[in-house]
Amino acid sequence: LIVSEVASSPVLADEDEKIFTQLGIASLMSVPILKAGHWVASLGVSHGIPRKWSEQEIDLLEETVERTWASLERADTMERLRASESLYRTIARSIPGGGVYVVDRDTRYLVAEGPVTEMFGLSRQMLEGHTVSEVFTDERGGRMEDRLGRAFSGETVDFETAHNGRVFWTQMAP
């Protein structure tokens, strides 16, 4: 929507013209944000005097809309990730002697939580943000990467690990 002069615009209803005039808005432009063919929001710019909006200003507003929406989507994704991580951590802490580990396709630990971590002499800080091969530089790293590769290809992988007189059961799921 591009309105160079609110007072004489053929696209504005009389009520809208009255409201804009009361607010001191004499010209405006607005760009809708459409996602999957549906309107989700609009971003607009207004001015106190009538003016013809340049193509450069229109392009700038359209670019601003795209960048703003992308930033909002990233913030929403990050909030959902934080909520998901919080849930994983809560579950992991409630499993006696257990743990939950979330690893991405690069075998980087995203979440490492639970009492079993410390039983192996590790910590959340030692794991999160690091790849399996960075943490386990010996043959354990190779075994873990192989098992993770199988899990990423859709296989549920179960194995046992003996450590300090105990046997730990692990399941990796796709």
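Figures for the structure shown
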quantity: Residues of the stretch 5-42 satisfying the condition of being closer than 27 Å to S71 by Cα, of a type in the set (A, V, I, L, M) and at pLDDT 90 or above; calculated: L28, M29, V31
quantity: Flag if L127 is open to solvent by less than 90 Å² (accessible area, probe 1.4 Å), within 25 Å of the chain's Cα centre (by Cα) and at pLDDT 95 or above; calculated: yes
quantity: Among residues of the stretch 17-43, those that are under 37 Å from the mean Cα position of the chain (by Cα) and either among the acidic types (D, E) or open to solvent by less than 50 Å² (accessible area, probe 1.4 Å) (or both), counted; calculated: 8
quantity: Those residues of the stretch 71-114 which are part of a helix (DSSP H, G or I), open to solvent by 50 Å² or more (accessible area, probe 1.4 Å), touching a residue at least 12 places away in the same chain (Cβ under 8 Å) and of a type outside the set (D, E, K, R), in sequence order; calculated: Y88
quantity: Of the criteria (1) on the phi < 0 side of the Ramachandran plot; (2) open to solvent by 50 Å² or more (accessible area, probe 1.4 Å); (3) at pLDDT below 90, which one I2 fails; calculated: (3)
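The values are calculated or read from the model by the stated rules, or taken from the named source; none is laboratory data. Quantities reported herein were computed from a predicted structural model and do not represent experimental measurements. Counting neighbours? That spans all protein chains shown, and the Cβs are built from the backbone with ideal geometry, glycine included. Just the protein is used for accessible areas: all its heavy atoms, side chains included, with ligands, DNA and RNA removed. Shrake-Rupley method; radii C 1.70, N 1.55, O 1.52, S 1.80 Å.
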